[in-house]
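Asker: Please read through the structure below; I'll follow up with questions.
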Amino acid sequence: MGLRISLILIAALLGRAYAQDAASLYRQGVDRQRQGDLAGAAELYKKSLELDGGNIAARSNRGAALAGLGRYDEAVPEYQQALKNAPAQVRPMLQRNLALAWYKSGRMEEAAALLLALHEAQPDNRETILLAADCLLQLGEPVKALALLEPLAPEATDLTKDKALAYVLGTAYLKAGRTAEAQRVLDPLLKDETSPEGRYALGVAMFTSGDYPSAVKAFERAIQLDPKLPRIQSYYGQALIFTGDPDAAQAAFAKQLEADPNDYEANYQSGLIYAKRNQRAEAEARLRRAAILRPKSAGAHLALAQALIANSKWAEARKELESTIRDWPEFGAAHAHLAEVYAKAGLKADAARENSLGLKYAAKAAQQPGLQNGVLAPRIRLDNVEITGPEKGKATVLVFGSYSCPNFRKAAPALNELSQTLAKQVSFLQVYIREAHSTEQWQSTVNERENVQLAPASSAGQKQEYAMMCQRKLHLRFPSVVDTLDDAAEKSYQAWPSRVYVLTANGHVKYSSGLTEEDFDRKAFEAAVRSVLRK
């Protein structure tokens with residue numbers, strides 16, 4: 001009995017010592033945090049919590065210190081743990097901190113859900129409304145964002161003194177397709193050419209309307225005025241991609257990720273560019289982050305799976321694809337890639353099933369640009385040449401493009417090489433179409449760097465001159481014909497700004513692809529050509 005009492009006393013004394021140590025470490029952490037030493041404070045709070053895991057203040061303060069260091073992913077579980085036993089009076093504060101950590105870590109779905117719950121409880125909190133609306137805009141839900149924002153700014157409200165609200169509200173109107181309201185809200189910003197928010201808003205308006213060259217110019221000016229605008233480099237990079245400048249886009253994405261490693265579009269688009277350039281480790285890292293940031297993005301998960309396959313991480317790719325198909329059972333491309341993974345593992349029956357499902361759901365998918373596989377290509381004569389069959393009995397590769405198209409220029413060496421390798425079996429023919437980036441319309445940043453400046457062709461003769469110059473400068477080793485001034489071939493083949501087709505000997509479409517770096521896959525193109533030759 002005496003021994004038992006002694007053990008109880010020892011345990012009690014030890015517990016008291018531990019409690020005193022935990023409290024001391026906590027107080028030291030508070031002092032360090034007040035002095036601005038967030039890393040030291042976070043470590044002291046951690047040691048305190050190892051001794052007393054129930055200290056809500058230590059848990060919350062550690063979350064705040066980690067967030068202050070930009071370590072938002074580590075801050076999130078601290079706030080979540082603190083919330084489990086937090087008293088009612090401190091829960092809103094902890095929830096706001098958790099929502100901010102979600103927001104800063106790029107997890108917009110989680111942030112939006114929590115911010116909307118906070119808004120319901122405290123409907124007059126302006127900061128909560130703006131943050132929730134921004135989350136919804138990033139998630140592609142402008143109508144829901146407007147439901148939050150419009151009560152803050154009735155029509156009579158002067159928004160010239162509230163640029164932040166004007167920008168977010170105007171952007172929401174733009175993305176919802178309500179251009180008149182967008183113009184009303186954004187006009188004061190747009191008229192001030194020295195306003196970075198105004199140039200940014202103008203860029204978003206141009207981007208939303210599809211005028212990417214103008215968007216590039218507006219974003220460039222906004223960056224000059226204020227390079228720290230949120231997500232400006234991400235938008236700029238996306239606009240550059242659409243104008244055929246993936247190199248400059250990649251540089252913009254790098255700057256965005258330096259400022260904010262959790263920008264979804266910068267991670268995703270940068271990952272796609274890395275993947276196309278066979279920079280496999282970089283592609284996987286970017287796409288893995290994108291899939292974490294947007295757990296409900298089928299495209300991000302598929303792109304990650306493709307990167308894992310490229311890196312021969314078959315087991316991980318299988319897990320990713322099986323999970324993707326559970327969430328999106330009619331995602332044809334995911335089934336097709338899973339078939340590849342199963343085939344690699346020797347699971348023939350599973351591979352056959354997934355391949356069949358891939359074909360089934362691909363057929364149900366939305367139609368892609370260009371003529372669809374299997375259709376009979378339009379029979380058009382240009383320069384007295386029947387373009388669907390310039391040489392009877394041969395398959396045909398039709399390459400539509402113009403010299404001012406950076407994507408066409410970049411793809412030319414590969415097409416040139418293949419035209420020589422397959423010359424005896426396949427007819428290659430370029431169809432020169434209207435300029436993709438003329439000086440009067442869609443001038444490209446690539447063209448500005450490379451001094452490619454062509455006005456729209458004003459006559460058939462001028463268009464012929466452009467085609468001859470293109471042949472000469474790109475050293476094309478296959479013949480060219482010139483489309484008419486009314487763009488008959490280009491429109492019939494849905495080929496602007498550049499496109500390649502593989503046609504069977506009897507004139508049916510076997511393969512179609514744009515020539516952007518993202519779209520054009522040399523291996524898929526070669527496979528399509530060789531599949532035609534085997535028949």
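Asker: Residue check: is Lys360 within 18 Å of Asp521 (Cβ to Cβ), in contact (Cβ under 8 Å) with a residue 24 or more places away in the chain and of a type outside the set (Asp, Glu)? Spell out how you get there, then give the answer.
Answerer: On the way: within 18 Å of Asp521 (Cβ to Cβ): no; in contact (Cβ under 8 Å) with a residue 24 or more places away in the chain: yes; of a type outside the set (Asp, Glu): yes.
No, not satisfied.
Asker: Now for a different question. Say whether the condition of being within 30 Å of Asn407 (Cα to Cα) and open to solvent by less than 40 Å² (accessible area, probe 1.4 Å) is met by at least one residue in the stretch 314-332.
Answerer: Filtering the stretch 314-332 down to residues within 30 Å of Asn407 (Cα to Cα) leaves 331-332.
With open to solvent by less than 40 Å² (accessible area, probe 1.4 Å) added as a condition, the list becomes 332.
Among the residues of the stretch 314-332, at least one is within 30 Å of Asn407 (Cα to Cα) and open to solvent by less than 40 Å² (accessible area, probe 1.4 Å), which makes the answer yes.
Asker: Give the number of residues within the stretch 188-231 that are polar (S, T, N, Q), assigned to a helix (DSSP H, G or I) and surrounded by fewer than 15 Cβ atoms within 10 Å (Cβ to Cβ).
Answerer: Within the stretch 188-231, residues that are polar (S, T, N, Q), assigned to a helix (DSSP H, G or I) and surrounded by fewer than 15 Cβ atoms within 10 Å (Cβ to Cβ) number 2.
Asker: Could you check, for the stretch 372-393, whether at least one of its residues is assigned to a loop (DSSP other than H, G, I, E, B), out of contact with any Phe, Trp or Tyr (no Cβ under 9 Å at 6 or more places or on another chain) and farther than 30 Å from Ala489 by Cβ?
Answerer: Within the stretch 372-393, not a single residue is assigned to a loop (DSSP other than H, G, I, E, B), out of contact with any Phe, Trp or Tyr (no Cβ under 9 Å at 6 or more places or on another chain) and farther than 30 Å from Ala489 by Cβ.
Asker: For the stretch 58-76, enumerate the residues that are of a type outside the set (Ser, Thr, Tyr), touching a helix residue (DSSP H, G or I) at 6+ places or on another chain (Cβ under 7 Å) and open to solvent by 20 Å² or more (accessible area, probe 1.4 Å).
Answerer: Residues of the stretch 58-76 that are of a type outside the set (Ser, Thr, Tyr), as a first pass: 58-59, 61-71, 73-76.
With the extra rule that they be touching a helix residue (DSSP H, G or I) at 6+ places or on another chain (Cβ under 7 Å), the set shrinks to 58-59, 61-69, 74-76.
If the condition is that a residue be of a type outside the set (Ser, Thr, Tyr), touching a helix residue (DSSP H, G or I) at 6+ places or on another chain (Cβ under 7 Å) and open to solvent by 20 Å² or more (accessible area, probe 1.4 Å), then Arg59, Asn61, Arg62, Ala64, Ala67, Gly68, Leu69, Glu74 are the ones that fit.
Asker: Restricting the search to the stretch 174-187, which residues are open to solvent by less than 60 Å² (accessible area, probe 1.4 Å) and either of a type in the set (Asp, Glu) or more than 25 Å from Leu240 (Cβ to Cβ) (or both)?
Answerer: Start the filter on the stretch 174-187 by keeping residues that are open to solvent by less than 60 Å² (accessible area, probe 1.4 Å), which leaves 174, 176-177, 181-182, 185-187.
Ala176, Glu181, Val185, Asp187 - these are the residues of the stretch 174-187 that are open to solvent by less than 60 Å² (accessible area, probe 1.4 Å) and either of a type in the set (Asp, Glu) or more than 25 Å from Leu240 (Cβ to Cβ) (or both).
Asker: Right, Gly332: within 31 Å of the chain's Cα centre (by Cα) and in contact (Cβ under 8 Å) with a residue 60 or more places away in the chain or not? Give the derivation first.
Answerer: Details: within 31 Å of the chain's Cα centre (by Cα): yes; in contact (Cβ under 8 Å) with a residue 60 or more places away in the chain: no.
When the stated conditions are applied, Gly332 does not pass them.
Residue-wise test of (1) among the small types (Gly, Ala, Ser); (2) closer than 24 Å to Asp483 by Cα; (3) modelled with pLDDT of 90 or more; (4) surrounded by 21 or more Cβ atoms within 10 Å (Cβ to Cβ).
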{"site": "Leu418", "(1), (2), (3), (4)": "no, yes, no, no"}
{"site": "Ala423", "(1), (2), (3), (4)": "yes, yes, no, no"}
{"site": "Gln430", "(1), (2), (3), (4)": "no, yes, yes, yes"}
{"site": "Gln441", "(1), (2), (3), (4)": "no, yes, no, no"}
{"site": "Glu448", "(1), (2), (3), (4)": "no, no, no, no"}
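Asker: Just the residues that are free of Cβ contacts under 8 Å to residues at least 24 places away in the same chain and either crowded, with 20+ Cβ neighbours inside 10 Å or in contact with an Asp or Glu (Cβ under 8 Å, 6 or more places away or on another chain) (or both), please, taken from the stretch 115-130. Reasoning before the result, please.
Answerer: From the stretch 115-130, those free of Cβ contacts under 8 Å to residues at least 24 places away in the same chain are 115-117, 120, 123-125, 127, 129; that's our starting set.
Of everything in the stretch 115-130, those that are free of Cβ contacts under 8 Å to residues at least 24 places away in the same chain and either crowded, with 20+ Cβ neighbours inside 10 Å or in contact with an Asp or Glu (Cβ under 8 Å, 6 or more places away or on another chain) (or both) turn out to be Leu115, Ile129.
Asker: Could you check, for the stretch 131-142, whether at least one of its residues is over 19 Å from Tyr235 (Cα atoms), of a type outside the set (Ser, Thr, Tyr) and surrounded by fewer than 15 Cβ atoms within 10 Å (Cβ to Cβ)?
Answerer: Looking through the stretch 131-142, none of the residues is over 19 Å from Tyr235 (Cα atoms), of a type outside the set (Ser, Thr, Tyr) and surrounded by fewer than 15 Cβ atoms within 10 Å (Cβ to Cβ).
Asker: Continuing with this model, one more query. Yes or no: Glu109 in a helix (DSSP H, G or I) and touching a residue at least 60 places away in the same chain (Cβ under 8 Å)? Don't jump to the end; show me each part of the working.
Answerer: Numbers: in a helix (DSSP H, G or I): yes; touching a residue at least 60 places away in the same chain (Cβ under 8 Å): yes.
Yes.
Asker: Hey, among the residues in the stretch 33-57 that are among the acidic types (Asp, Glu) and at pLDDT 90 or above, which one's most open to solvent (accessible area, probe 1.4 Å)? Outline the logic, then answer.
Answerer: Here is the first cut: in the stretch 33-57, the ones among the acidic types (Asp, Glu) are 37, 43, 50, 52.
Remaining after also requiring at pLDDT 90 or above: 37, 43.
Working: Asp37: 58, Glu43: 88 Å².
Step by step, filter the stretch 33-57, then rank; the result is Glu43.
Asker: Take the conditions open to solvent by 60 Å² or more (accessible area, probe 1.4 Å) and not in a helix (DSSP H, G or I) and apply them to Pro151. Does it pass?
Answerer: Numbers: open to solvent by 60 Å² or more (accessible area, probe 1.4 Å): yes; not in a helix (DSSP H, G or I): no.
For Pro151, the condition - open to solvent by 60 Å² or more (accessible area, probe 1.4 Å) and not in a helix (DSSP H, G or I) - is not met.
Asker: Do we have Tyr235 as among the hydroxyl-bearing types (Ser, Thr, Tyr), surrounded by 22 or more Cβ atoms within 10 Å (Cβ to Cβ) and closer than 30 Å to Phe408 by Cβ here? Steps first, answer last, please.
Answerer: Values: among the hydroxyl-bearing types (Ser, Thr, Tyr): yes; surrounded by 22 or more Cβ atoms within 10 Å (Cβ to Cβ): yes; closer than 30 Å to Phe408 by Cβ: yes.
The answer is yes for Tyr235.
Asker: Is at least one residue of the stretch 431-438 within 20 Å of Trp496 (Cβ to Cβ) and touching a His at 6+ places or on another chain (Cβ under 6 Å)?
Answerer: no
Asker: Let me ask you something else. Are there any pairs with C-beta distances below 8 angstrom linking a residue in the stretch 401-420 that is touching a residue at least 60 places away in the same chain (Cβ under 8 Å) and within 19 Å of Glu518 (Cα to Cα) to a residue that is part of a helix (DSSP H, G or I) and of a type in the set (S, T, N, Q), with the two at least 6 apart or on different chains, and if so which?
Answerer: Close Cβ pairs (under 8 Å, with a partner that is part of a helix (DSSP H, G or I) and of a type in the set (S, T, N, Q)) amount to Gly401/Asn407; Pro406/Asn447.
Asker: Here is a follow-up. Inspect the stretch 502-519 for any residue being closer than 24 Å to Ala239 by Cα, at pLDDT below 90, touching a helix residue (DSSP H, G or I) at 6+ places or on another chain (Cβ under 9 Å) and β-branched (Val, Ile, Thr) and give the result as yes or no.
Answerer: Yes.
Asker: Same structure, new question: Filter the stretch 245-263 down to the residues that are open to solvent by 30 Å² or more (accessible area, probe 1.4 Å) and out of contact with any Pro (no Cβ under 9 Å at 6 or more places or on another chain) and list them by number. Steps first, answer last, please.
Answerer: Here is the first cut: in the stretch 245-263, the ones open to solvent by 30 Å² or more (accessible area, probe 1.4 Å) are 247, 251, 254-255, 258-261.
Selection gives Asp247, Ala251, Ala254, Glu258, Pro261.
The values are calculated or read from the model by the stated rules, or taken from the named source; none is laboratory data. Keep in mind it's a predicted model, so treat the numbers as computed, not measured. Counting neighbours? That spans all protein chains shown, and the Cβs are built from the backbone with ideal geometry, glycine included. SASA here: full protein model, heavy atoms, side chains in, ligands and nucleic acids out. Shrake-Rupley method; radii C 1.70, N 1.55, O 1.52, S 1.80 Å.
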